[in-house]
Structures are given as C-alpha cells and as structure tokens.
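The values are calculated or read from the model by the stated rules, or taken from the named source; none is laboratory data. What you see is a predicted model; the values in this text were computed from it and never measured. Cβ placement follows ideal geometry from the backbone for every residue including glycine, while neighbour counts extend to all protein chains displayed.
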Amino acid sequence: MFIGHYSAAFAARAFKPAVPLWLLFVAVQLVDFIWAGLVIAGVEKFRIVPGFLEASPLDLYYMPYTHSLVGVVIWAVAAALLYGAMRKGEKKWVAALILGGAVLSHWFADLLVHAPDLPLIVGEPKFGFVLWRSLLWSQVAEMGLLLGGFWLYLRNTTPKGFLGRLSPWLFLGFLMAVQAYSHMGEVQAGAPSQPFAITALLAYSLIALAAWLVDRTRQDAVRR
Ligand SMILES: [Zn+2]
C-alpha cells in the first residue's frame, strides 16, 4: 500500500492533543522508511518480478525486521517512547500513543493489499489479503481510505486564508499523481532493488514535507 497509508495520518490529526501532520505522515510510513534503509543495506530483500501481481511487481520475500507484526509493534512502541520523552506539556503520553498507533496502522493497511508476505515474526505463517491481485480494486481501496482520512482532516481543520483553502486539494492531487506514477513504466525482471528503495525514500520524504507545508496553512477547527 502507498497513499492509502496516509488515511491514518489524516485521521489521527483530529485527535487531541494534536500531533503535527508531517510527523504523522512519517509515522504511518516509518516501517517503510526503515525497510528502504535495510534494503539499501542488503539486510531485507525483495526481487522485481514483472507481472508478480497486477498492481505490484515486488516479491517481498524477506522483511522480518520491518514488516512482521511483532516487528511493527516494536517500532511503534519505540517511536511512541521516543516521542513521549521528547514532547513537552501535559498529556504528552496520549500524544505518544496516537503516534504509536499511526506507526502500527501500517501493518494492517499493508495486510489488505500484500501477497502473503507479512510474517508474525519470521518465516511462516505469513499474511496478506492480496488486493494487489487487481489493479482496479487495490486502487479503489487506497483511494477510498485516503479520501476518508482527507475528509476527516478537512472537517477538523479550517483554512487560515486563501492558501489554506487551496492547499489540501493541491496536496490531494499531488498524492494521486505520485500514486499513478508509481504504477506506470516498465519494470525489468531481476532489476536491482536499491534504486527502487532510494526512490521510495525520496517519495516518502517529499510527501511528509508537503504535509508540513499544507498543515501550516490550516488551523484546528473550533468545535461547537
Ligand atoms: Zn510497508
């Protein structure tokens, strides 16, 4: 899953005390950030197989550190502890819990679309509901999730000015364009995995930066 992950980030922005949107955008992709790093380091592995699934050419056969359920829980707890320790003010541990939940959401969103390649710890059993088998239905799922989260974000924040009215829609268009781009182009069987991982890192970083910019043009909606 790619942009569907950001549904949880948009939705989590509504909770109080507020966690910055850019940080939530990093949190929901935290294990993919680490995954890309470990792929570049040669620790976790995948191979590129054209036609592997209709919506994904990635045979993700070894990623126990980042995409096992136990692994994701550990990353979520670590991120929450680190954030709670760094954040100031009251209810900082509630904010830490929100951040940890955002990290954890990654595994369950991936579960929808992945082939059975998500282990509990390492090796079998592995899980995945394989929505990537269908380009159409996987995109319906990702877009549905994203739009649901986006709607919550619009409801829970108000624009600071003209830019604030425009920016969320530009951002939504940007996310959809990146998603569409990720499904275009030919892939080479047996192509090296490092360039793919580097591209992924750049995309996740750019999207988190854009989230920071957008959230600067919005403020919390006053609840009546
Ligand atoms: Zn993932």
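Residue 100 meets all of the listed conditions (1) farther than 30 Å from residue 180 by Cα; (2) touching a helix residue (DSSP H, G or I) at 6+ places or on another chain (Cβ under 7 Å) but one, namely (1). For region 45-64, a residue qualifies if it is buried (at least 17 other Cβ atoms within 10 Å of the Cβ) and of a type in the set (Gly, Ala, Ser), and the qualifying residues are 55, 56. Candidates in region 1-15 are the residues that are within 8 Å of the chain's Cα centre (by Cα) and part of a loop (DSSP other than H, G, I, E, B); of these, the one that is nearest to the ligand (Cβ to nearest atom) is 1.
Tell me whether region 65-81 contains one or more residues that are surrounded by fewer than 19 Cβ atoms within 10 Å (Cβ to Cβ), within 14 Å of the ligand (Cβ to nearest atom), more than 19 Å from residue 199 (Cβ to Cβ) and not hydroxyl-bearing (Ser, Thr, Tyr). Yes: one or more hits. Beta carbons closer than 6 Å, at least 6 apart along the sequence or on distinct chains, pair a first residue in region 135-153 that is in contact (Cβ under 8 Å) with a residue 12 or more places away in the chain and more than 29 Å from residue 219 (Cα to Cα) with a second that is part of a helix (DSSP H, G or I) and not aromatic (Phe, Trp, Tyr) for 138/113; 138/131. Scanning region 82-109 for residues that are over 15 Å from residue 12 (Cβ atoms) and within 13 Å of the ligand (Cβ to nearest atom) gives a single hit, 107.
Kindly indicate which of 21, 118, 112 is in contact (Cβ under 8 Å) with a residue 40 or more places away in the chain and under 23 Å from residue 202 (Cβ atoms).
Values: 118 fails: under 23 Å from residue 202 (Cβ atoms); 112 fails: under 23 Å from residue 202 (Cβ atoms).
Residue meeting the stated conditions: 21.
Would you be able to say whether some residue in region 90-98 is in a strand (DSSP E or B) and at pLDDT below 95? Steps first, answer last, please.
First pass over region 90-98, keeping only residues in a strand (DSSP E or B): none.
Checked region 90-98: no residue is in a strand (DSSP E or B) and at pLDDT below 95.
If I ask for residues that are over 19 Å from residue 78 (Cβ atoms), aliphatic (A, V, I, L, M) and touching a Leu at 6+ places or on another chain (Cβ under 6 Å), which ones from region 1-28 would you list? Within region 1-28, 3, 11, 14 meet the criteria.
A single member of 159, 192, 168 is farther than 16 Å from residue 33 by Cβ and loosely packed, with under 13 Cβ neighbours inside 10 Å, and it is 192.
Which members of region 80-109 meet the condition of being aliphatic (A, V, I, L, M) and touching a residue at least 40 places away in the same chain (Cβ under 8 Å)? Full working, then the answer.
Here is the first cut: in region 80-109, the residues aliphatic (A, V, I, L, M) are 80-82, 85-86, 94-99, 102-104, 109.
Answer for region 80-109, where residues must be aliphatic (A, V, I, L, M) and touching a residue at least 40 places away in the same chain (Cβ under 8 Å): 94, 95, 98, 99, 102, 103, 109.
Kindly indicate the residue of region 154-200 that is without any contact (Cβ under 8 Å) to a residue 40 or more places away in the chain and hydroxyl-bearing (Ser, Thr, Tyr) and also nearest to residue 212 (Cα to Cα) among those meeting that condition. Top of the filtered list is 199. Among residues of region 29-40 that are without any contact (Cβ under 8 Å) to a residue 40 or more places away in the chain, those with a Cβ under 9 angstrom from a residue that is in a helix (DSSP H, G or I) and away from the ligand (no atom under 11 Å from the Cβ), sequence gap 6+ or separate chain, pair up as 38/65; 38/197.
The condition of being out of contact with any Leu (no Cβ under 7 Å at 6 or more places or on another chain), under 18 Å from residue 75 (Cα atoms) and more than 14 Å from the ligand (Cβ to nearest atom) holds for only one of 31, 43, 49, 39, that being 43.
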